[in-house]
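As structure tokens, the structure follows; a few thoughts come after it.
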Amino acid sequence: MSPKLNQKDRKLFLGAGFVFILLVVTAFVLSSSDGGQAEYPSSYSSASGGAKAAYLLLSETGYKIQRWERPLSDLPLGPTKTFTVVLGEPEEAPTREERERLKTFISQGGHVIATGVFAGTLLPKSESVPDILSGMTWKKATSLSPSQITRAAPQIVLAPRAYWQASTAAYSLYGDGDHTLVVKYPFGRGEVLWWAAATPLTNAGLKEPGNLEFFLACLGDQKNEILWDEYIHGYRQTLAGSIVHSPVKWLLAQLVLLALAIVVTFSRRSGPTCVPKTEARLSPIEFVQTLGGLYERAGSPSVAVDICYRRFRYWLTRRLGVAANTPADDLASAVRNRWGLNGGGLNTAVFSNEKIITVLKNCEAASVDPFLKAPVALRLLQELDGCAAQWNLFQGIQKEKGE
């Protein structure tokens with residue numbers, strides 16, 4: 001059986017769907033023209049900040065290069081082969097195990113090219129200082145020391161997001177006049193190269209003067225095997241692992257949240273309708289006590305006499321079938337004529353005809369007396385209650401007697 005939606009629910013559902021579609025379309029429109037390609041130097045990305053061009057160039061020119069999609073703790077060790085690891089703009093801090101493994105890898109003869117602000121957290125020695133504002137514009141960096149790298153490229157272009165402190169023992173290669181932007185230093189039998197940014201190996205920066213020559217000179221001999229680390233960019237060997245470390249997980253989380261909202265809303269509206277049980281705030285005896293306390297604090301016994309007297313007259317005139325404004329004398333006569341002195345359960349020893357007239361007149365006078373005393377009001381109410389009880393005047397009294 002298909003669920004039926006009323007007009008309000010249908011409008012709400014259509015409105016939510018329209019907003020969802022609008023958000024999705026806006027996300028696609030505001031994304032980059034490269035189809036949402038990553039702006040970090042990944043060998044998979046063809047965006048301006050990606051590094052797919054550099055990776056394809058190396059693989060097509062004879063370099064032994066492969067993507068590394070495993071943790072740094074799995075890096076190969078041993079002097080049998082020389083590896084160069086490219087760490088392009090890592091954004092996550094390494095684990096203790098990964099940092100120690102990389103340190104051992106370098107000390108046994110490995111080479112590392114680390115770029116970016118957080119690359120120093122991976123290295124055995126780091127004196128890099130973040131400088132995010134400088135990375136908003138590209139700058140020319142000139143050579144500071146003679147070396148095989150600076151001879152290949154006397155000048156390079158990069159967008160430095162950090163700089164290296166000049167007081168360290170690292171060998172300064174390039175700078176912009178104020179800060180050192182590229183350094184290298186040996187560690188054990190290996191070597192570390194640190195760049196202030198990955199600009200020289202990106203798709204947009206590779207074509208700048210000197211950048212390609214600088215990049216190839218940093219890689220060194222073509223016999224060295226190059227490991228391009230993609231693990232730091234969220235890529236994993238399994239599809240599930242890659243999704244967990246990518247923005248796709250947030251899209252899935254939103255879809256799950258939307259599905260839960262639909263299920264909860266539908267189940268709530270389609271469930272059985274139950275009328276909630278109304279709990280009595282007070283029991284009858286508590287009500288009487290509360291009402292008595294209210295009259296006592298108000299200091300107006302005449303109000304209580306007036307309410308009870310009006311109720312007594314209402315039921316009495318209703319039983320007798322006379323007008324509600326019948327005087328007390330006429331009411332007494334109607335009682336005598338209708339029920340007789342002994343009729344209707346009337347105890348003449350207690351309530352005679354004159355007694356009834358006296359009670360009714362006293363209640364009429366007391367109901368408008370602002371100076372009525374509480375004991376007098378209590379006596380009058382007891383007399384009214386006695387009359388009503390003997391005549392079974394109130395239906396509630398009959399019910400209590402039947403129980």
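Mind listing whichever residues of the range 149-178 are surrounded by 19 or more Cβ atoms within 10 Å (Cβ to Cβ) and part of a loop (DSSP other than H, G, I, E, B)?
Ala153, Pro160, Arg161, Ala170
Looking at (1) modelled with pLDDT of 80 or more; (2) more than 22 Å from Asp329 (Cα to Cα); (3) surrounded by fewer than 15 Cβ atoms within 10 Å (Cβ to Cβ), find the lone condition where Arg379 falls short.
For Arg379, the exception is condition (2).
Within the bounds of the range 179-187, is there any residue that is touching a His at 6+ places or on another chain (Cβ under 9 Å) and under 20 Å from Pro90 (Cβ atoms)?
We begin by selecting, within the range 179-187, every residue touching a His at 6+ places or on another chain (Cβ under 9 Å); these are none.
No, the range 179-187 contains no residue that is touching a His at 6+ places or on another chain (Cβ under 9 Å) and under 20 Å from Pro90 (Cβ atoms).
Could you tell me which residue of the range 95-141 is farthest from Ser73 (Cα to Cα), considering only residues that are under 36 Å from the mean Cα position of the chain (by Cα) and either acidic (Asp, Glu) or not assigned by TED's automatic domain parsing to the domain that holds Leu227 (or both)?
Asp131
State whether the residues of the range 8-21 include one that is within 26 Å of Lys223 (Cβ to Cβ) and modelled with pLDDT of 70 or more.
First, the residues of the range 8-21 that are within 26 Å of Lys223 (Cβ to Cβ): none.
No, there is no match, as no residue in the range 8-21 is within 26 Å of Lys223 (Cβ to Cβ) and modelled with pLDDT of 70 or more.
Being farther than 19 Å from Leu381 by Cα, outside any helix (DSSP H, G or I) and modelled with pLDDT of 50 or more is the filter here, so list the residues in the range 332-361 that pass it.
Scanning the range 332-361 gives a single hit, Gly340.
Quick one: which residue in Leu181, Leu206, Leu102 is hydrophobic (A, V, I, L, M, F, W, C) and in a strand (DSSP E or B)?
On the way: Leu206 fails: in a strand (DSSP E or B); Leu102 fails: in a strand (DSSP E or B).
Residue meeting the stated conditions: Leu181.
Tell me, yes or no, whether the range 68-80 has at least one residue that is part of a helix (DSSP H, G or I), more than 25 Å from Ile232 (Cβ to Cβ), modelled with pLDDT under 85 and not hydrophobic (A, V, I, L, M, F, W, C). If you could, list the steps in order and put the result at the bottom.
Step one: filter the range 68-80 for residues part of a helix (DSSP H, G or I), giving 72-74.
Filter again for more than 25 Å from Ile232 (Cβ to Cβ), leaving none.
No: zero hits.
With modelled with pLDDT of 90 or more, under 21 Å from Tyr174 (Cβ atoms) and β-branched (Val, Ile, Thr) as the only criterion, which of Val117, Val112, Val129 stands out? Lay out the reasoning, then the answer.
On the way: Val117 fails: modelled with pLDDT of 90 or more; Val129 fails: modelled with pLDDT of 90 or more.
The match here is Val112.
List pairs: first residue in the range 50-70 and farther than 21 Å from Glu39 by Cα, second residue of a type in the set (Asp, Glu) anywhere in the structure, Cβ distance under 7 angstrom, at least six positions apart or on different chains.
These pairs meet every condition: Lys64/Glu225.
What are the pairs, 6+ residues apart or on separate chains, where a residue within the range 365-378 that is within 19 Å of Leu294 (Cβ to Cβ) has its Cβ under 8 Å from a residue that is assigned to a loop (DSSP other than H, G, I, E, B) and polar (S, T, N, Q)?
Final answer for the pair search is Pro370/Ser300.
The values are calculated or read from the model by the stated rules, or taken from the named source; none is laboratory data. All of these numbers come straight from a predicted model, not from anything done at the bench. Ideal geometry is used to build each Cβ from the backbone, glycine not excepted, and the neighbour counts take in all protein chains shown.
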